[in-house]
1. Could you tell me whether residue 249 is within 29 Å of residue 12 (Cα to Cα), among the aromatic types (Phe, Trp, Tyr), assigned to a loop (DSSP other than H, G, I, E, B) and under 21 Å from the mean Cα position of the chain (by Cα)?
2. State the number of residues belonging to segment 183-195 that are at pLDDT 95 or above and more than 15 Å from residue 232 (Cα to Cα).
3. Condition check: hydrophobic (A, V, I, L, M, F, W, C) and crowded, with 24+ Cβ neighbours inside 10 Å. Does residue 244 satisfy that?
4. Of all residues in segment 316-339, which are at pLDDT below 95 and among the basic types (Lys, Arg)?
5. Somewhere in segment 302-310, is a residue closer than 28 Å to residue 102 by Cα and either in contact with a helix residue (DSSP H, G or I) (Cβ under 7 Å, 6 or more places away or on another chain) or not assigned by TED's automatic domain parsing to the domain that holds residue 30 (or both)?
6. Of the residues 351, 272, 322, which single one is within 27 Å of residue 135 (Cα to Cα) and either surrounded by fewer than 24 Cβ atoms within 10 Å (Cβ to Cβ) or touching a Gly at 6+ places or on another chain (Cβ under 8 Å) (or both)?
7. Looking at segment 175-188, can you tell me whether even one residue there is crowded, with 17+ Cβ neighbours inside 10 Å, in contact with an Asp or Glu (Cβ under 6 Å, 6 or more places away or on another chain) and over 20 Å from residue 82 (Cβ atoms)?
Amino acid sequence: MRIALVSDAWAPQVNGVVRTLTTTVAMLRGQGHEVETITPDQFATLPCPSYPEIRLALGSGRAVAGRLRAFAPDAIHIATEGPLGWAARRWCMDRGLPFTTSFHTRFPDYVAMRSRLPADWFWPIVRRFHGPAARIFAATEALADELATRGLPQTHRWSRGVDLTLFAPGLAPLPELADLPRPIQLSVGRVAVEKNIEAFLRSGVPGTRVVVGDGPARAMLEKRFPDVIFLGALHGGRLAAAYASADVFVFPSLTDTFGLVMIEALASGVPVAAFPVQGPLDIVGRDGTGLAGGAGRPVGALDPDLETAIRKALPLDRRDCVAEGRRYGWDRCTAQFLAGLVSIADAGLVVAA
(Lines give C-alpha, C1' and ligand atoms only; values in the text may rest on other atoms or scores of the structure.)
Protein backbone atom coordinates (compact mmCIF):
# COMPACT_ATOMS: atom_id res chain seq x y z
CA MET A 1 0.00 0.00 0.00
CA ARG A 2 1.22 3.50 -0.83
CA ILE A 3 0.58 5.71 2.20
CA ALA A 4 1.17 9.46 2.42
CA LEU A 5 1.70 10.67 5.98
CA VAL A 6 1.73 14.42 6.57
CA SER A 7 2.92 15.75 9.93
CA ASP A 8 4.13 19.07 11.34
CA ALA A 9 5.62 17.11 14.27
CA TRP A 10 8.82 15.31 13.32
CA ALA A 11 12.45 14.84 14.28
CA PRO A 12 14.45 16.50 15.72
CA GLN A 13 11.47 17.29 17.96
CA VAL A 14 11.41 14.98 21.00
CA ASN A 15 7.91 14.07 22.17
CA GLY A 16 5.41 11.24 22.20
CA VAL A 17 3.78 12.31 18.95
CA VAL A 18 7.07 12.14 17.06
CA ARG A 19 7.99 8.78 18.61
CA THR A 20 4.57 7.41 17.69
CA LEU A 21 4.74 8.59 14.09
CA THR A 22 8.34 7.62 13.40
CA THR A 23 7.84 4.17 14.91
CA THR A 24 4.64 3.64 12.94
CA VAL A 25 6.38 4.62 9.69
CA ALA A 26 9.23 2.22 10.43
CA MET A 27 6.78 -0.59 11.21
CA LEU A 28 4.80 0.06 8.02
CA ARG A 29 7.92 0.06 5.86
CA GLY A 30 9.08 -3.11 7.56
CA GLN A 31 5.80 -4.74 6.49
CA GLY A 32 6.43 -3.76 2.87
CA HIS A 33 4.25 -0.66 2.62
CA GLU A 34 5.59 2.38 0.77
CA VAL A 35 5.31 5.45 2.98
CA GLU A 36 5.87 9.01 1.80
CA THR A 37 6.41 11.37 4.74
CA ILE A 38 5.81 15.09 4.28
CA THR A 39 7.41 16.78 7.29
CA PRO A 40 8.98 20.13 8.31
CA ASP A 41 12.58 19.02 7.76
CA GLN A 42 11.86 19.12 4.02
CA PHE A 43 10.90 22.84 3.98
CA ALA A 44 12.08 26.27 5.01
CA THR A 45 10.72 26.86 8.52
CA LEU A 46 10.24 29.42 11.25
CA PRO A 47 10.24 28.68 14.99
CA CYS A 48 6.81 28.42 16.55
CA PRO A 49 6.16 31.32 18.97
CA SER A 50 7.01 30.18 22.54
CA TYR A 51 8.07 26.77 21.12
CA PRO A 52 11.29 27.48 19.19
CA GLU A 53 12.15 23.79 18.85
CA ILE A 54 8.92 23.30 16.89
CA ARG A 55 9.47 24.45 13.32
CA LEU A 56 6.57 25.65 11.16
CA ALA A 57 6.86 25.14 7.40
CA LEU A 58 6.66 28.26 5.24
CA GLY A 59 4.78 28.56 1.96
CA SER A 60 4.29 24.82 1.81
CA GLY A 61 0.99 24.60 -0.05
CA ARG A 62 2.32 24.20 -3.60
CA ALA A 63 5.14 21.87 -2.52
CA VAL A 64 2.78 19.65 -0.51
CA ALA A 65 0.42 19.45 -3.48
CA GLY A 66 3.28 18.51 -5.79
CA ARG A 67 4.56 15.81 -3.45
CA LEU A 68 1.12 14.25 -3.03
CA ARG A 69 0.36 14.36 -6.73
CA ALA A 70 3.70 12.82 -7.69
CA PHE A 71 3.45 10.05 -5.09
CA ALA A 72 -0.15 9.12 -6.07
CA PRO A 73 -0.96 7.53 -2.70
CA ASP A 74 -3.53 4.85 -2.03
CA ALA A 75 -4.36 6.53 1.29
CA ILE A 76 -3.58 9.86 2.95
CA HIS A 77 -3.20 10.41 6.69
CA ILE A 78 -2.81 13.92 8.11
CA ALA A 79 -1.38 13.72 11.61
CA THR A 80 -1.29 17.34 12.81
CA GLU A 81 -3.12 20.65 12.56
CA GLY A 82 -0.08 22.71 11.51
CA PRO A 83 0.74 24.39 8.17
CA LEU A 84 1.57 21.11 6.43
CA GLY A 85 -1.59 19.49 7.74
CA TRP A 86 -3.78 22.37 6.54
CA ALA A 87 -2.07 22.33 3.12
CA ALA A 88 -2.67 18.59 2.69
CA ARG A 89 -6.26 18.92 3.89
CA ARG A 90 -6.93 21.68 1.36
CA TRP A 91 -5.41 19.62 -1.47
CA CYS A 92 -7.57 16.61 -0.61
CA MET A 93 -10.75 18.63 -0.28
CA ASP A 94 -10.20 20.50 -3.56
CA ARG A 95 -10.11 17.11 -5.32
CA GLY A 96 -12.78 15.37 -3.27
CA LEU A 97 -10.28 12.79 -2.00
CA PRO A 98 -10.88 11.00 1.32
CA PHE A 99 -8.31 11.38 4.07
CA THR A 100 -7.90 10.51 7.72
CA THR A 101 -6.53 12.60 10.59
CA SER A 102 -5.37 11.95 14.14
CA PHE A 103 -5.97 13.88 17.34
CA HIS A 104 -2.67 13.83 19.21
CA THR A 105 -2.61 17.12 21.11
CA ARG A 106 -5.14 19.14 23.10
CA PHE A 107 -4.52 22.22 21.00
CA PRO A 108 -7.39 24.24 22.58
CA ASP A 109 -6.15 23.57 26.12
CA TYR A 110 -2.55 24.44 25.28
CA VAL A 111 -3.47 27.71 23.60
CA ALA A 112 -5.81 28.57 26.45
CA MET A 113 -3.01 28.14 28.99
CA ARG A 114 -0.77 30.52 27.11
CA SER A 115 -3.39 33.08 26.09
CA ARG A 116 -5.55 32.86 29.25
CA LEU A 117 -8.59 32.67 27.00
CA PRO A 118 -11.26 29.96 27.31
CA ALA A 119 -10.38 26.67 25.61
CA ASP A 120 -13.88 26.55 24.09
CA TRP A 121 -12.97 29.51 21.91
CA PHE A 122 -10.45 27.35 20.03
CA TRP A 123 -12.53 24.21 19.49
CA PRO A 124 -14.19 25.58 16.32
CA ILE A 125 -10.74 25.55 14.66
CA VAL A 126 -10.28 21.91 15.66
CA ARG A 127 -13.76 21.01 14.36
CA ARG A 128 -13.08 22.79 11.09
CA PHE A 129 -9.80 20.91 10.60
CA HIS A 130 -10.99 17.41 11.51
CA GLY A 131 -14.62 17.66 10.44
CA PRO A 132 -14.12 16.64 6.79
CA ALA A 133 -11.91 13.65 7.69
CA ALA A 134 -13.33 10.23 6.91
CA ARG A 135 -11.95 9.04 10.27
CA ILE A 136 -10.19 10.70 13.20
CA PHE A 137 -7.68 8.44 14.94
CA ALA A 138 -7.89 8.65 18.75
CA ALA A 139 -5.68 6.85 21.24
CA THR A 140 -8.37 5.93 23.78
CA GLU A 141 -12.10 5.37 24.05
CA ALA A 142 -12.38 8.26 26.49
CA LEU A 143 -10.79 10.60 23.96
CA ALA A 144 -13.09 9.30 21.23
CA ASP A 145 -16.09 9.99 23.48
CA GLU A 146 -14.85 13.51 24.16
CA LEU A 147 -14.39 14.22 20.45
CA ALA A 148 -17.92 12.97 19.80
CA THR A 149 -19.31 15.43 22.34
CA ARG A 150 -17.38 18.14 20.50
CA GLY A 151 -19.09 17.32 17.21
CA LEU A 152 -16.47 14.91 15.84
CA PRO A 153 -18.00 11.43 16.08
CA GLN A 154 -16.12 9.68 13.23
CA THR A 155 -13.33 8.34 15.43
CA HIS A 156 -11.16 5.24 15.03
CA ARG A 157 -9.14 3.68 17.84
CA TRP A 158 -5.38 3.91 17.33
CA SER A 159 -3.58 2.97 20.53
CA ARG A 160 0.10 3.39 21.37
CA GLY A 161 2.95 0.96 21.84
CA VAL A 162 6.31 0.62 23.51
CA ASP A 163 9.62 -0.76 22.26
CA LEU A 164 9.89 -3.84 24.46
CA THR A 165 13.42 -4.54 23.26
CA LEU A 166 14.53 -1.20 24.70
CA PHE A 167 12.34 -0.54 27.73
CA ALA A 168 12.72 -3.48 30.08
CA PRO A 169 13.47 -4.22 33.74
CA GLY A 170 16.85 -5.12 35.13
CA LEU A 171 18.93 -2.63 33.16
CA ALA A 172 21.99 -1.03 34.70
CA PRO A 173 21.10 2.35 36.24
CA LEU A 174 22.00 5.57 34.53
CA PRO A 175 25.39 6.54 36.03
CA GLU A 176 24.16 10.04 36.97
CA LEU A 177 21.41 8.49 39.10
CA ALA A 178 23.21 5.48 40.56
CA ASP A 179 24.13 6.89 43.98
CA LEU A 180 21.38 9.43 44.63
CA PRO A 181 19.14 9.36 47.73
CA ARG A 182 16.14 7.09 47.33
CA PRO A 183 13.42 6.99 46.31
CA ILE A 184 14.21 8.35 42.86
CA GLN A 185 11.10 10.02 41.47
CA LEU A 186 11.30 10.43 37.70
CA SER A 187 9.34 12.54 35.23
CA VAL A 188 9.93 12.37 31.46
CA GLY A 189 8.51 14.78 28.93
CA ARG A 190 8.54 18.28 27.55
CA VAL A 191 9.39 20.86 30.18
CA ALA A 192 6.57 23.26 29.36
CA VAL A 193 3.74 24.98 31.18
CA GLU A 194 1.03 22.68 29.79
CA LYS A 195 2.74 19.63 31.34
CA ASN A 196 1.99 20.93 34.87
CA ILE A 197 5.48 19.87 35.93
CA GLU A 198 5.54 22.26 38.90
CA ALA A 199 3.05 19.99 40.66
CA PHE A 200 5.77 17.33 40.67
CA LEU A 201 8.61 19.69 41.58
CA ARG A 202 6.68 20.98 44.62
CA SER A 203 6.15 17.46 45.96
CA GLY A 204 7.38 16.92 49.48
CA VAL A 205 8.13 13.19 49.20
CA PRO A 206 11.70 12.56 50.46
CA GLY A 207 14.29 11.32 48.00
CA THR A 208 15.46 12.70 44.65
CA ARG A 209 13.32 14.27 41.94
CA VAL A 210 14.64 13.86 38.39
CA VAL A 211 13.37 15.47 35.19
CA VAL A 212 14.28 14.08 31.76
CA GLY A 213 13.34 16.33 28.86
CA ASP A 214 13.75 19.82 27.54
CA GLY A 215 11.50 22.72 26.74
CA PRO A 216 10.78 26.42 27.14
CA ALA A 217 10.24 26.27 30.92
CA ARG A 218 13.42 24.38 31.80
CA ALA A 219 15.74 27.33 32.55
CA MET A 220 13.17 29.00 34.79
CA LEU A 221 12.38 25.80 36.69
CA GLU A 222 16.05 24.93 37.20
CA LYS A 223 16.51 28.26 38.96
CA ARG A 224 13.39 27.87 41.08
CA PHE A 225 14.05 24.24 42.07
CA PRO A 226 17.83 23.84 42.51
CA ASP A 227 17.39 20.55 44.39
CA VAL A 228 15.83 18.88 41.32
CA ILE A 229 18.10 17.11 38.82
CA PHE A 230 17.41 18.15 35.22
CA LEU A 231 19.08 15.78 32.75
CA GLY A 232 17.76 17.26 29.51
CA ALA A 233 16.54 15.07 26.67
CA LEU A 234 17.74 11.46 26.66
CA HIS A 235 17.37 8.86 23.94
CA GLY A 236 17.74 5.14 23.37
CA GLY A 237 19.67 3.19 25.98
CA ARG A 238 20.26 6.20 28.23
CA LEU A 239 16.55 6.94 28.37
CA ALA A 240 15.80 3.29 29.12
CA ALA A 241 18.45 3.32 31.87
CA ALA A 242 16.86 6.43 33.40
CA TYR A 243 13.52 4.65 33.63
CA ALA A 244 15.15 1.55 35.12
CA SER A 245 16.88 3.72 37.74
CA ALA A 246 13.63 5.13 39.09
CA ASP A 247 11.50 3.95 42.01
CA VAL A 248 8.37 5.73 40.78
CA PHE A 249 7.36 7.50 37.59
CA VAL A 250 5.46 10.75 38.12
CA PHE A 251 3.16 12.05 35.39
CA PRO A 252 1.78 15.46 36.44
CA SER A 253 0.11 16.46 33.16
CA LEU A 254 -3.58 17.31 33.17
CA THR A 255 -3.93 17.71 29.39
CA ASP A 256 -2.28 14.76 27.60
CA THR A 257 -4.40 12.60 25.31
CA PHE A 258 -2.47 9.43 26.22
CA GLY A 259 0.99 9.68 27.77
CA LEU A 260 3.37 7.35 25.95
CA VAL A 261 5.97 7.80 28.69
CA MET A 262 3.71 6.04 31.19
CA ILE A 263 3.74 2.77 29.27
CA GLU A 264 7.50 3.08 28.74
CA ALA A 265 7.83 3.37 32.52
CA LEU A 266 5.58 0.38 33.15
CA ALA A 267 7.49 -1.77 30.68
CA SER A 268 10.64 -0.79 32.59
CA GLY A 269 9.07 -2.02 35.83
CA VAL A 270 8.33 1.41 37.32
CA PRO A 271 4.94 2.17 38.94
CA VAL A 272 3.12 5.33 37.86
CA ALA A 273 1.79 8.17 40.02
CA ALA A 274 -0.53 10.70 38.41
CA PHE A 275 -3.70 12.72 38.70
CA PRO A 276 -7.03 10.96 37.95
CA VAL A 277 -7.49 12.57 34.53
CA GLN A 278 -7.74 11.36 30.94
CA GLY A 279 -4.47 9.74 29.95
CA PRO A 280 -3.59 8.23 33.33
CA LEU A 281 -7.15 6.94 33.70
CA ASP A 282 -6.82 5.23 30.31
CA ILE A 283 -3.53 3.54 31.22
CA VAL A 284 -3.35 3.14 35.01
CA GLY A 285 -7.11 2.91 35.56
CA ARG A 286 -9.10 4.42 38.37
CA ASP A 287 -8.25 1.52 40.70
CA GLY A 288 -4.60 1.45 39.63
CA THR A 289 -4.65 -2.06 38.14
CA GLY A 290 -4.25 -0.95 34.53
CA LEU A 291 -6.47 -1.44 31.50
CA ALA A 292 -4.29 -3.55 29.20
CA GLY A 293 -4.92 -6.87 30.93
CA GLY A 294 -1.53 -7.45 32.57
CA ALA A 295 -1.18 -8.88 36.06
CA GLY A 296 -4.47 -7.47 37.33
CA ARG A 297 -2.71 -6.05 40.38
CA PRO A 298 -1.84 -2.41 41.10
CA VAL A 299 0.70 -0.84 38.74
CA GLY A 300 0.20 2.76 39.80
CA ALA A 301 -1.83 5.17 41.85
CA LEU A 302 -4.03 8.12 40.89
CA ASP A 303 -5.02 10.78 43.36
CA PRO A 304 -6.08 14.46 43.26
CA ASP A 305 -3.11 15.04 45.56
CA LEU A 306 -0.01 14.09 43.56
CA GLU A 307 2.10 13.58 46.67
CA THR A 308 -0.42 11.01 47.92
CA ALA A 309 -0.32 9.26 44.55
CA ILE A 310 3.49 9.06 44.72
CA ARG A 311 3.45 7.57 48.23
CA LYS A 312 0.83 5.00 47.19
CA ALA A 313 2.73 3.99 44.05
CA LEU A 314 6.18 3.58 45.61
CA PRO A 315 5.67 0.17 47.31
CA LEU A 316 4.00 -1.51 44.29
CA ASP A 317 5.54 -4.63 42.78
CA ARG A 318 7.71 -3.86 39.74
CA ARG A 319 6.94 -7.28 38.23
CA ASP A 320 3.26 -6.36 37.96
CA CYS A 321 4.21 -3.13 36.18
CA VAL A 322 6.26 -5.09 33.64
CA ALA A 323 3.36 -7.48 33.00
CA GLU A 324 1.08 -4.53 32.24
CA GLY A 325 3.61 -2.65 30.13
CA ARG A 326 4.37 -5.64 27.96
CA ARG A 327 0.77 -5.66 26.73
CA TYR A 328 1.49 -2.55 24.66
CA GLY A 329 3.16 -3.83 21.50
CA TRP A 330 3.64 -1.79 18.33
CA ASP A 331 2.43 -4.61 16.06
CA ARG A 332 -1.13 -4.24 17.30
CA CYS A 333 -0.98 -0.45 17.08
CA THR A 334 0.28 -0.57 13.49
CA ALA A 335 -2.51 -2.96 12.57
CA GLN A 336 -5.01 -0.49 14.04
CA PHE A 337 -3.45 2.32 12.00
CA LEU A 338 -3.75 0.35 8.77
CA ALA A 339 -7.33 -0.67 9.53
CA GLY A 340 -8.33 2.96 9.93
CA LEU A 341 -6.97 4.23 6.62
CA VAL A 342 -9.46 4.98 3.83
CA SER A 343 -8.53 3.77 0.36
CA ILE A 344 -8.85 6.39 -2.35
CA ALA A 345 -9.50 3.67 -4.93
CA ASP A 346 -12.22 2.05 -2.79
CA ALA A 347 -13.96 5.42 -2.80
CA GLY A 348 -14.01 5.19 -6.60
CA LEU A 349 -11.45 7.97 -7.03
CA VAL A 350 -7.92 8.38 -8.36
CA VAL A 351 -5.16 10.90 -7.70
CA ALA A 352 -4.96 12.94 -10.89
CA ALA A 353 -1.49 13.66 -12.28
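1. Working: within 29 Å of residue 12 (Cα to Cα): yes; among the aromatic types (Phe, Trp, Tyr): yes; assigned to a loop (DSSP other than H, G, I, E, B): no; under 21 Å from the mean Cα position of the chain (by Cα): yes.
Spelling it out, it is not the case that residue 249 is within 29 Å of residue 12 (Cα to Cα), among the aromatic types (Phe, Trp, Tyr), assigned to a loop (DSSP other than H, G, I, E, B) and under 21 Å from the mean Cα position of the chain (by Cα).
2. Total meeting the criteria: 3.
3. Working: hydrophobic (A, V, I, L, M, F, W, C): yes; crowded, with 24+ Cβ neighbours inside 10 Å: no.
Here the answer is no, as residue 244 does not meet what is asked.
4. Residues satisfying the conditions are 326, 327, 332.
5. Here is the first cut: in segment 302-310, the residues closer than 28 Å to residue 102 by Cα are 302.
Okay, now just the ones that are also either in contact with a helix residue (DSSP H, G or I) (Cβ under 7 Å, 6 or more places away or on another chain) or not assigned by TED's automatic domain parsing to the domain that holds residue 30 (or both), so 302.
Yes - at least one qualifying residue is present in segment 302-310.
6. Details: 272 fails: within 27 Å of residue 135 (Cα to Cα); 322 fails: within 27 Å of residue 135 (Cα to Cα).
The conditions single out 351.
7. Pass one, segment 175-188, residues crowded, with 17+ Cβ neighbours inside 10 Å: 177, 183-188.
Subsequent filtering for residues that are in contact with an Asp or Glu (Cβ under 6 Å, 6 or more places away or on another chain) retains 183-184.
Filter once more, so that each one left must be over 20 Å from residue 82 (Cβ atoms): 183-184.
Taking every residue of segment 175-188 in turn, at least one turns out to be crowded, with 17+ Cβ neighbours inside 10 Å, in contact with an Asp or Glu (Cβ under 6 Å, 6 or more places away or on another chain) and over 20 Å from residue 82 (Cβ atoms).
Rundown of residues vs (1) of a type outside the set (Phe, Trp, Tyr); (2) touching a residue at least 60 places away in the same chain (Cβ under 8 Å); (3) assigned to a loop (DSSP other than H, G, I, E, B); (4) on the phi > 0 side of the Ramachandran plot, yes/no style:
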site	(1), (2), (3), (4)
226	yes, no, yes, no
231	yes, no, no, no
237	yes, yes, no, no
242	yes, yes, no, no
254	yes, no, yes, no
262	yes, no, no, no
265	yes, yes, no, no
269	yes, yes, yes, yes
276	yes, no, yes, no
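The values are calculated or read from the model by the stated rules, or taken from the named source; none is laboratory data. Values in this document were obtained by computation on a predicted structure and should not be read as measured data. Glycine also receives a Cβ, built like all others from the backbone with ideal geometry; neighbour counts cover every protein chain displayed.
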